[in-house]
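The values are calculated or read from the model by the stated rules, or taken from the named source; none is laboratory data. Computed from a predicted structure; not experimentally measured. Note: ideal-geometry Cβ built from the backbone for every residue, glycine included; neighbour counts use all protein chains shown.
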Amino acid sequence: MQYLGIDFQMNHPPKLDPGFIPFGVWRAAYLKDAKKPIAIAVERDKGRISVQRSFIHGTPGMAEADYRYVERYVKFLLWSIGGFRVYVCGCSEIAKRLQKTYVPEGERHFDFTFFNQLYERDLEIVDLPLDQCPAANEAAEPIGGNTDGCRIGFDAGGSDRKVSAVIDGESVYSEEVIWFPKLQEDPEYHFKHIVEAFKTAASKMPRVDAIGVSSAGTFIGNAPMVASLFIKVPRSNWDKVKTIYDRAAAEIDPNIPIVVANDGDVSALAGAMGLNTGSIMGIAMGTSEAVGYVDKDKNVLGWISELAFAPVDLAENAMQDEWSTDFGVGCKYFSQDAVIKLAPAAGIEIDESLSLAEKLKFVQGLMNEDDPRAQAIFETIGAYLAYTVVLYSQFYDIEHMMLMGRVMSGKGGDTILAVCNQILEEEYPELHKKCEVMLPDEKTRRVGQSFAAASLPRLK
């Protein structure tokens with residue numbers, strides 16, 4: 001197969017999407033003959049800087065391939081690491097082109113706005129010579145695993161909220177309550193629900209020593225800066241959102257330590273606690289793609305790992321994400337959207353009056369009846385996943401990849417896992433040996449999101 005003059009090999013093209021061009025596979029082929037060094041540095045909060053060094057071809061005949069590579073590379077780094085300033089070092093032509101792309105009226109306007117809201121400053125693309133690339137300044141941070149004392153663990157889901165009361169590592173109470181945070185414009189609704197959950201858990205213990213929160217979104221400290229739970233809240237009222245978890249904890253006791261973490265990272269933490277090991281990536285395939293990662297020392301990198309918006313497919317006719325307007329990003333390949341989008345190619349008609357979750361259940365119902373059309377859908381997603389494991393492993397040190405979420409339930413999930421492992425074993429045996437792609441075992445399932453969240457704070 002060939003794309004932009006680069007030959008790459010894929011022995012098992014996705015059954016329903018033979019035009020799929022996996023970024024990780026193409027990237028490896030592109031770099032074989034690339035000799036001109038470049039560096040990309042991404043700066044984020046606390047003065048942290050991540051530096052990635054690579055190569056481009058640097059010839060007129062490969063100019064478009066070079067730009068496509070660097071543009072997708074920068075996009076991946078932004079959505080894996082996060083940042084408000086990107087230094088493109090060693091290729092002024094590409095840097096200047098990117099500067100026109102990452103502006104409010106540019107092609108990457110969604111990305112510009114997202115990172116503006118996250119860091120409350122404009123995203124910049126800086127053109128520098130290679131020898132002026134900033135120095136790296138990274139610092140992994142420990143996450144959770146603390147079980148001493150009386151703890152509250154809260155999991156803020158989009159359709160239900162879960163809370164656990166945990167005493168010395170043993171759950172003494174847990175509950176799940178339906179709520180509708182994504183429909184509410186007034187953050188007081190969210191605040192009251194959070195406080196109610198905290199107080200319920202507190203009533204089941206003699207005291208409260210710490211509170212941990214697992215929540216979808218991106219955070220600076222405990223402050224949600226961009227979060228789907230508060231999607232209806234106007235930005236003019238966002239100050240109440242940024243303090244919502246700290247204020248809720250103060251309703252129990254102003255001196256209680258509270259730690260808020262991204263739900264993807266807490267999922268990875270739950271896996272680390274269940275398996276008693278590190279280098280774990282958790283991928284939840286549900287409404288979207290949620291990703292978290294803990295390193296070999298069970299630390300988080302301080303990266304946002306919002307891989308739902310990171311590129312996985314370079315095909316010009318790749319699936320478009322309606323929200324970000326970009327093509328070929330992860331949320332369209334590892335979520336219920338992937339199942340629904342592939343249905344027409346499989347010859348399956350779905351009632352348009354159904355909700356997205358109901359459409360997924362409909363296809364899963366066909367899969368449970370061994371319908372070969374549904375089988376083809378989940379085999380296709382399994383192939384997507386295998387070639388994306390190649391990509392993710394180029395940026396994260398992964399020994400265990402844990403697959404979760406409603407898309408992974410039932411026979412469909414089993415098929416995704418089986419096809420993924422088969423492709424990795426046949427085409428990438430060394431990677432397959434190093435990286436175990438798996439479903440959560442029973443111990444990890446028992447740990448649970450709210451229980452893992454309870455372990456986030458260290459006691460004073």
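List of remarks:
- Qualifying residue in segment 364-378 (condition: under 24 Å from the mean Cα position of the chain (by Cα) and of a type in the set (Asp, Glu)): no
- Top-ranked residue in segment 410-458 [being modelled with pLDDT under 90 and outside any helix (DSSP H, G or I); ranked as farthest from the chain's Cα centre (by Cα)]: Asp441
To keep it simple, each residue is scored yes or no on (1) among the aromatic types (Phe, Trp, Tyr); (2) closer than 20 Å to Gly328 by Cβ; (3) surrounded by fewer than 18 Cβ atoms within 10 Å (Cβ to Cβ); (4) in contact (Cβ under 8 Å) with a residue 40 or more places away in the chain.
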| site | (1), (2), (3), (4) |
| --- | --- |
| Gly61 | no, no, yes, yes |
| Tyr69 | yes, yes, no, yes |
| Phe84 | yes, no, no, yes |
| Lys96 | no, no, yes, no |
| Glu107 | no, yes, yes, no |
| Asp122 | no, no, yes, no |
| Leu128 | no, no, yes, yes |
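- In segment 146-171, the qualifying residues are those that are in a loop (DSSP other than H, G, I, E, B) and modelled with pLDDT of 90 or more, and the one that is surrounded by the fewest Cβ atoms within 10 Å (Cβ to Cβ) is Asp168.
- Once segment 25-59 is narrowed to residues that are basic (Lys, Arg) and part of a helix (DSSP H, G or I), the residue that is surrounded by the fewest Cβ atoms within 10 Å (Cβ to Cβ) is Lys46.
- Qualifying residue in segment 292-312 (condition: in contact with a helix residue (DSSP H, G or I) (Cβ under 9 Å, 6 or more places away or on another chain), part of a strand (DSSP E or B), acidic (Asp, Glu) and crowded, with 24+ Cβ neighbours inside 10 Å): no
- Taken together, the criteria exclude Ala39 from residues that are at pLDDT 95 or above and out of contact with any Cys (no Cβ under 9 Å at 6 or more places or on another chain).
- Residue in segment 240-252 that is touching a residue at least 24 places away in the same chain (Cβ under 8 Å), surrounded by 17 or more Cβ atoms within 10 Å (Cβ to Cβ), assigned to a strand (DSSP E or B) and not basic (Lys, Arg) present: no
- Some residue of segment 416-434 being in contact with a Ser or Thr (Cβ under 6 Å, 6 or more places away or on another chain), buried (at least 22 other Cβ atoms within 10 Å of the Cβ) and in contact (Cβ under 8 Å) with a residue 40 or more places away in the chain: no
- Residue match in segment 342-360 (condition: within 21 Å of Gly158 (Cα to Cα) and in a loop (DSSP other than H, G, I, E, B)): yes
- Conditions (1) more than 22 Å from Met225 (Cβ to Cβ); (2) surrounded by 18 or more Cβ atoms within 10 Å (Cβ to Cβ); (3) among the hydrophobic types (A, V, I, L, M, F, W, C); number of the one not met by Phe114: (1)
- Single residue of segment 207-221 satisfying the filter (assigned to a loop (DSSP other than H, G, I, E, B) and at pLDDT below 95) that is surrounded by the fewest Cβ atoms within 10 Å (Cβ to Cβ): Gly221
- For segment 394-426, a residue qualifies if it is touching a helix residue (DSSP H, G or I) at 6+ places or on another chain (Cβ under 6 Å) and among the hydroxyl-bearing types (Ser, Thr, Tyr), and exactly one does: Thr415.
- Some residue of segment 255-271 being on the phi > 0 side of the Ramachandran plot, in contact (Cβ under 8 Å) with a residue 12 or more places away in the chain and surrounded by fewer than 21 Cβ atoms within 10 Å (Cβ to Cβ): no
- Candidates in segment 109-141 are the residues that are part of a helix (DSSP H, G or I) and charged (D, E, K, R); of these, the one that is farthest from Val42 (Cα to Cα) is Asp131.
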